[in-house]
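Written out below as structure tokens is the structure these notes cover.
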Amino acid sequence: MVWGKGQRLPARAGLIIAVTPVPCDMGQPGLPLPGRPDDQVPISAMLPAELPLTYLGPLVLLLVQLLLSPTSAFFPNIWSLLAAPRSITHQDLTEEAALNVTLQLFLEQPLLGRPPLRLQDFLGRTLLADDLFAAYFGPGFPSRRFRAALGEMSRANAAQDFLAASKNDPDLHFDAERLDQARERLAGALRETLAAAGAGDYALARGRLGAALHALQDFYSHSNWVEMGQQRPHPHLLWSWRRELWRLARVGDPTCSDCAERSCPGNLLGSTLLTSGYFGTHPPKPPGKCSHGGHFDQSSSQPPRGGINKDSTSPLFSPHHALHPQAAQLALVASVQALGLLRGRLGDRAFSRLLDVTPASSLSFVLDTTGSMGEEISAAKIQARHIVEQRRGSPMAPVHYVLVPFHDPGFGPVFTTSDPHTFWQRLNEIQALGGGDEPEMCLSALELALLHTPPLSDIFVFTDASPKDAFLTNRIESLTQERRCRVTFLVTEDPSRVQGRIRREVLSPLRFAPYEAVALASGGEVIFTKDQHIRDVAAIIGDSMDALVSTR
């Protein structure tokens with residue numbers, strides 16, 4: 001399904017299209033993509049008539065020369081819109097596709113404690129990230145991390161037109177009739193996206209995804225797929241199987257006639273062979289073949305002159321400029337399909353991380369395992385199990401789990417995993433041990449947890465003892481601020497109570513001050529309670545994680 005994104009320019013009317021699910025994969029039978037053949041929903045916008053070139057003026061044309069790379073593609077980003085202000089850019093296509101897939105994710109994964117979204121509430125509306133996130137998570141929920149992730153993808157997409165290693169490579173732009181080779185490179189970039197996301201390197205995954213989307217979008221602008229009358233994305237483009245893309249033009253097949261004008265609406269010879277234009281001099285354009293065309297294409301002055309690209313609404317850059325809206329429409333739908341494919345392969349949890357839909361929440365426990373801690377350990381287990389089961393498979397599920405035990409006189413080892421079941425099994429193995437006297441190495445264990453917990457996470461400390469290693473207080477405060485982690489202490493020792501543990505010395509009523517200092521520095525708190533109340537108090541863990549996600 002496809003819905004329109006908020007445009008940077010006003011006065012654009014919605015289009016209605018039908019999206020057919022296309023099975024696709026990268027090495028094995030594909031997964032069906034979202035949508036139904038009868039789904040008809042508004043997407044991008046109808047483009048008004050192009051401004052006359054004289055409107056630009058010589059100064060703006062000079063800026064265009066500086067801002068646009070001499071390459072072939074949809075214009076890369078908003079800055080290049082100086083050349084053709086009403087064109088749809090690679091940045092627009094990438095952001096719109098991500099917004100549409102995120103909306104579908106939110107529709108299919110209702111958030112616990114929030115009313116489910118309704119599709120009808122979004123039809124016919126401008127889709128903006130802030131509005132979408134507020135509807136799903138609640139008013140005021142920030143979308144800046146999501147927008148930052150889109151920025152990474154969009155920059156990687158645009159870089160394909162600027163980097164020396166990629167801007168003139170026809171296999172990365174579906175140029176020079178190298179369509180099979182370009183499809184293999186596209187499939188490779190998608191496989192690299194999956195591999196990077198699977199390894200937890202989401203920054204790399206976004207970079208490879210941006211490059212993949214660039215190539216995919218270029219197919220619809222650089223080939224004659226639109227001119228062949230096709231109104232849906234190519235059904236085999238996202239397959240790695242050796243299926244024919246279509247009837248590909250052969251080396252000796254003439255594909256274009258000569259066109260001496262900037263606008264070349266009728267220069268294609270026939271409509272049954274799939275072709276794409278040559279750009280520049282590498283590789284050289286054979287006789288009878290189409291050029292990419294436009295101001296920057298050296299090959300467009302060689303017979304047959306002209307070109308077939310639909311990158312923009314301006315005849316100065318795009319000889320088939322009149323078909324730019326149709327090419328952009330198909331590129332958008334294909335981008336949504338590609339993202340749907342990745343979602344199906346990664347699963348909603350990892351896909352949410354890829355788009356940074358939710359912050360990388362972590363469930364981190366620092367547990368005192370001395371003999372008096374039986375109730376506290378049981379409470380931690382109950383809350384961990386509750387969070388794991390309640391959020392399993394949802395975008396709000398923790399993506400990282402950390403467990404650090406401490407027991408006088410030692411602490412650790414640290415245990416980390418991304419698998420909730422493995423975490424639960426390890427936590428379930430922990431038992432309260434005999435012995436132990438106050439104070440204990442609590443801050444040393446907390447330091448270990450901080451070093452292994454992702455930024456912007458909550459850490460929960462269960463103890464009934466004061467710290468033996470209070471000298472670490474300043475270092476722990478600095479670490480919490482550096483990693484932007486919040487620490488909450490659940491202490492079942494009333495500050496004035498002295499019985500219940502072996503004491504080596506008379507305990508100061510200020511012995512818990514280091515905990516209070518760390519909690520204050522990190523934005524957490526120290527909660528004192530009694531054994532019989534610890535399970536109720538421990539319920540704040542889930543609430544604290546929700547609050548952290550919504551405020552950072």
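The values are calculated or read from the model by the stated rules, or taken from the named source; none is laboratory data. Bear in mind the structure is a predicted one, so any value in this text is a computation, not a measurement. Methodologically, a virtual Cβ is constructed for each residue, glycine included, from the backbone with ideal geometry; neighbour enumeration extends over all protein chains shown.
Which count do you get for residues in region 117-172 that are of a type in the set (D, E, K, R) and more than 16 Å from Gln104 (Cα to Cα)?
The qualifying residues number 9.
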Are any residues in region 114-134 within 26 Å of Glu389 (Cα to Cα) and free of Cβ contacts under 8 Å to residues at least 24 places away in the same chain, and if so, which ones? Pro115, Pro116, Leu117, Arg118, Phe133, Ala134
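Check whether at least one residue in region 55-63 is under 19 Å from the mean Cα position of the chain (by Cα) and either in a loop (DSSP other than H, G, I, E, B) or at pLDDT 90 or above (or both), and report yes or no.
Initially, region 55-63 is screened for residues under 19 Å from the mean Cα position of the chain (by Cα), giving none.
No, because not a single residue in region 55-63 is under 19 Å from the mean Cα position of the chain (by Cα) and either in a loop (DSSP other than H, G, I, E, B) or at pLDDT 90 or above (or both).
For Asp180, state whether it is closer than 23 Å to Asn100 by Cα, in contact (Cβ under 8 Å) with a residue 60 or more places away in the chain and in a helix (DSSP H, G or I).
no
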Name the single residue, out of those in region 401-419 being modelled with pLDDT under 85 and surrounded by 15 or more Cβ atoms within 10 Å (Cβ to Cβ), that is farthest from the chain's Cα centre (by Cα). Asp408
Qualifying residue in region 309-327 (condition: assigned to a loop (DSSP other than H, G, I, E, B), touching a strand residue (DSSP E or B) at 6+ places or on another chain (Cβ under 6 Å) and not assigned by TED's automatic domain parsing to the domain that holds Leu150): no
Of (1) over 20 Å from Leu456 (Cβ atoms); (2) under 23 Å from the mean Cα position of the chain (by Cα); (3) assigned to a loop (DSSP other than H, G, I, E, B), Pro115 satisfies all except one. Which? (2)
Please verify whether Ala212 is of a type outside the set (D, E, K, R), farther than 23 Å from Ala328 by Cβ and crowded, with 24+ Cβ neighbours inside 10 Å, treating the condition exactly as stated. no
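A quick yes/no check of all residues on (1) surrounded by fewer than 19 Cβ atoms within 10 Å (Cβ to Cβ); (2) at positive phi; (3) more than 23 Å from the chain's Cα centre (by Cα):
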residue: Leu128; (1), (2), (3): yes, no, no
residue: Asp131; (1), (2), (3): yes, no, no
residue: Ala135; (1), (2), (3): yes, no, no
residue: Asp161; (1), (2), (3): no, no, no
residue: Lys167; (1), (2), (3): no, no, yes
residue: Glu177; (1), (2), (3): no, yes, yes
residue: Ala182; (1), (2), (3): no, no, yes
residue: Ala189; (1), (2), (3): no, no, no
residue: Leu194; (1), (2), (3): no, no, no
Within region 207-239, how many residues are farther than 25 Å from Ala149 by Cβ and either hydrophobic (A, V, I, L, M, F, W, C) or assigned to a helix (DSSP H, G or I) (or both)? 5
Answer yes if at least one residue in region 329-346 is in contact (Cβ under 8 Å) with a residue 24 or more places away in the chain, out of contact with any helix residue (DSSP H, G or I) (no Cβ under 8 Å at 6 or more places or on another chain) and under 30 Å from Phe460 (Cβ atoms), and no otherwise. no
In this structure, is Pro398 assigned to a loop (DSSP other than H, G, I, E, B), free of Cβ contacts under 8 Å to residues at least 40 places away in the same chain and not small (Gly, Ala, Ser)? no
Of the candidates Phe162, Phe174, Phe137, Phe146, the one satisfying the condition of being assigned by TED's automatic domain parsing to the domain that holds Arg206 and in contact with a Phe, Trp or Tyr (Cβ under 6 Å, 6 or more places away or on another chain) is Phe174
